[in-house]
Amino acid sequence: MTENNPSLPREGQGVGEQHGRLDAGWAASDAKGLAPLATHPNPSLGREGLTVSDPAELGFIPERLQRIDAHLKAKYLDTGRLPHTALLIGRGDEIAHLSLQGEARAGQPLKDDAIFRIASMSKPITSVAFMQLVEEGKLALADPVTKVIPEWKNLGVFVAGGGNMPFVSRPAATQMRMIDLLRHTAGFTYSFQERTPIDAAYRKAKLEAFSGPDLEELIKILADIPLQFDPGTSWNYSIATDILGAIIQRVDGKPLDEAIAARITRPLGMDDTHFQVPTDKLDRMPDCYAFDPKETKKLYDPGEKSAWGRKPNQLSGGGGLASTLADYHRFCRMLLNEGELDGERIISRKTLELMTANHLPGGGDLTQHSTALFSEAENAGVGFGLGFATTMDPAATMVPGSRGDFYWGGMFSTAFFVDPVEAIIMIFMTQLMPSNTYPVRREIKTMLYSALAE
């Protein structure tokens, strides 16, 4: 990232050029002239955590797994739509399929140790850290948010105003509780939703930018911007997980990056997961692109001078982390193993069951409750828990899967899901924003389940 573009967001704020998020120098570049694709289906790489087992012994049809790679290559890589793809499919603690295709940077094949900007795939990590505080008795889901953030005692709900006019608000009819932050029912929004005066105020304040406010300043700014709706009455994809990060900081008494390291990444051995990628690891960061309708994609954040190499003003628990396939696989294995991995108990089985249950009001799905223009979930047949989307009705989603599988994704088109019924983990990494540009996640999931033999 260049120094004259300090507004690069952690999460998908400003996905179009109209917001000035694309540096002029990068926007002149594209991905033409790529070297031949490097495809490595099912390599026994030997790296800790990435040794691949025989997929047939894990209940998969190998040829059907390999056709996922062929599909990605033909539809997305050969056409220049995506710069690269990394796909990991696991069953239980073992890896059944691992493929790396395309280039990390011009002339450099994607490698298994690449460090990806995972954006909103940070949210489940932050949510688990928050729930550890609940398990420790330091917080409760029913606690009012003002217990930790008293600055919001007069925070009201939008009535009128915005732009050049002062906001007019009314007292909230319901109290904002901690559970509302976890399930995105608190009344907040994201600047990129672009549908209300509230998200316009977020854009003006640059709430989600690298150069934006730190978490304490974020709390102060939000005290003067009304909520979009009464807490607990609707669902809107929002900066609520960043607020969870601010609460973790206050309750834990340490910066969020230190809290996440102590609670999640260090115990799990996620040594390459960072809010700020160390200088000696920057050569492992792929280039990141933004969709451009004229040229397919344009360079957005070059790996060699990535913004993730600088310490951000805001430690974004909702979108600030970078990670690897191996690290996120360890996190997903912990989730699949009911909160424990290699003898490290991260979260209890019952707490994880609570987190992955549907918590939307009345038990409905997102079609009934979502007011979001954009999120990382489909709406039909999908509920939302405490940091995860959860499948309530696979038939309504029109994609194979299991009732109770849970998932999320990131603005740069990364994605994961965990299926406890089939003991399946899927992690997909690439670097193109926004994540709803192509239906690649639905395609991968459909083809993955078609490869199950047992």
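The values are calculated or read from the model by the stated rules, or taken from the named source; none is laboratory data. Please read these numbers as outputs of a predicted model, since none were measured by experiment. So basically every Cβ, Gly included, is an ideal-geometry build from the backbone, and we count neighbours across all protein chains shown.
At pLDDT below 95, among the aliphatic types (A, V, I, L, M) and over 17 Å from the mean Cα position of the chain (by Cα): is that true of residue 366 in this structure? Working first, answer last.
Values: at pLDDT below 95: yes; among the aliphatic types (A, V, I, L, M): yes; over 17 Å from the mean Cα position of the chain (by Cα): yes.
When the stated conditions are applied, residue 366 passes them.
Restricting attention to region 156-179, which residues are under 29 Å from residue 142 (Cβ atoms), hydrophobic (A, V, I, L, M, F, W, C), more than 30 Å from the chain's Cα centre (by Cα) and assigned to a strand (DSSP E or B)?
The initial filter retains those residues of region 156-179 that are under 29 Å from residue 142 (Cβ atoms), namely 156-159, 167, 169-179.
When the remaining residues are screened for being hydrophobic (A, V, I, L, M, F, W, C), the result is 157-159, 167, 172-173, 176, 178-179.
Subset that is more than 30 Å from the chain's Cα centre (by Cα): 159, 167, 173.
Correct list: 159, 167.
Just a yes or no: is a residue in region 371-384 out of contact with any helix residue (DSSP H, G or I) (no Cβ under 7 Å at 6 or more places or on another chain) and modelled with pLDDT under 95?
Looking through region 371-384, at least one residue is out of contact with any helix residue (DSSP H, G or I) (no Cβ under 7 Å at 6 or more places or on another chain) and modelled with pLDDT under 95.
Within region 381-395, take every residue that is among the hydrophobic types (A, V, I, L, M, F, W, C) and assigned to a loop (DSSP other than H, G, I, E, B) and give me the one that is surrounded by the most Cβ atoms within 10 Å (Cβ to Cβ).
At the first step, the residues of region 381-395 found to be among the hydrophobic types (A, V, I, L, M, F, W, C) are 382, 384, 386, 388-389, 392, 395.
From what's left, assigned to a loop (DSSP other than H, G, I, E, B): 386, 388, 392.
On the way: 386: 25, 388: 27, 392: 21.
In this case the residue turns out to be 388.
Examine region 336-345 for a residue that is under 30 Å from residue 210 (Cβ atoms) and either at pLDDT 95 or above or crowded, with 23+ Cβ neighbours inside 10 Å (or both), and state whether such a residue exists. Walk me through it before giving the result.
If we filter region 336-345 for residues that are under 30 Å from residue 210 (Cβ atoms), which is where we start, we get none.
Looking for residues that are under 30 Å from residue 210 (Cβ atoms) and either at pLDDT 95 or above or crowded, with 23+ Cβ neighbours inside 10 Å (or both), one finds none in region 336-345, hence no.
Which of the residues belonging to region 116-136 are in the same structural domain as residue 347 (by TED's automatic domain parsing) and either part of a loop (DSSP other than H, G, I, E, B) or within 16 Å of residue 174 (Cα to Cα) (or both)?
Matches in region 116-136: 118 only.
Could you give every pair whose Cβ atoms fall below 7 Å, whose first residue belongs to region 205-226 and is outside the structural domain of residue 120 (by TED's automatic domain parsing) and assigned to a loop (DSSP other than H, G, I, E, B), and whose second residue is buried (at least 22 other Cβ atoms within 10 Å of the Cβ) and basic (Lys, Arg), counting only separations of at least 6 or pairs across chains?
Note: pairs meeting the criteria are 208/10; 210/10.
Out of the residues in region 71-101 that are within 17 Å of residue 427 (Cα to Cα) and among the small types (Gly, Ala, Ser), which is surrounded by the fewest Cβ atoms within 10 Å (Cβ to Cβ)?
Taking the candidates together, the pick is 92.
Taking region 394-424 on its own, how many of its residues are under 16 Å from the mean Cα position of the chain (by Cα) and either free of Cβ contacts under 8 Å to residues at least 12 places away in the same chain or over 23 Å from residue 299 (Cα atoms) (or both)? Before the answer, list the steps.
Residues of region 394-424 that are under 16 Å from the mean Cα position of the chain (by Cα), as a first pass: 406-418.
Subsequent filtering for residues that are either free of Cβ contacts under 8 Å to residues at least 12 places away in the same chain or over 23 Å from residue 299 (Cα atoms) (or both) retains 406-408, 416-418.
Residues meeting the conditions: 6.
Can you say whether residue 264 is over 17 Å from residue 414 (Cα atoms), touching a helix residue (DSSP H, G or I) at 6+ places or on another chain (Cβ under 7 Å) and part of a loop (DSSP other than H, G, I, E, B), as far as the supplied structure shows? Break it down stepwise before answering.
On the way: over 17 Å from residue 414 (Cα atoms): yes; touching a helix residue (DSSP H, G or I) at 6+ places or on another chain (Cβ under 7 Å): yes; part of a loop (DSSP other than H, G, I, E, B): no.
Taking the combined requirement at face value, the residue does not satisfy it.
Results for (1) closer than 21 Å to residue 129 by Cα; (2) assigned to a loop (DSSP other than H, G, I, E, B); (3) not basic (Lys, Arg), shown as yes or no for each residue.
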| position | (1), (2), (3) |
| --- | --- |
| 351 | yes, no, yes |
| 368 | no, no, yes |
| 402 | no, yes, yes |
| 411 | no, yes, yes |
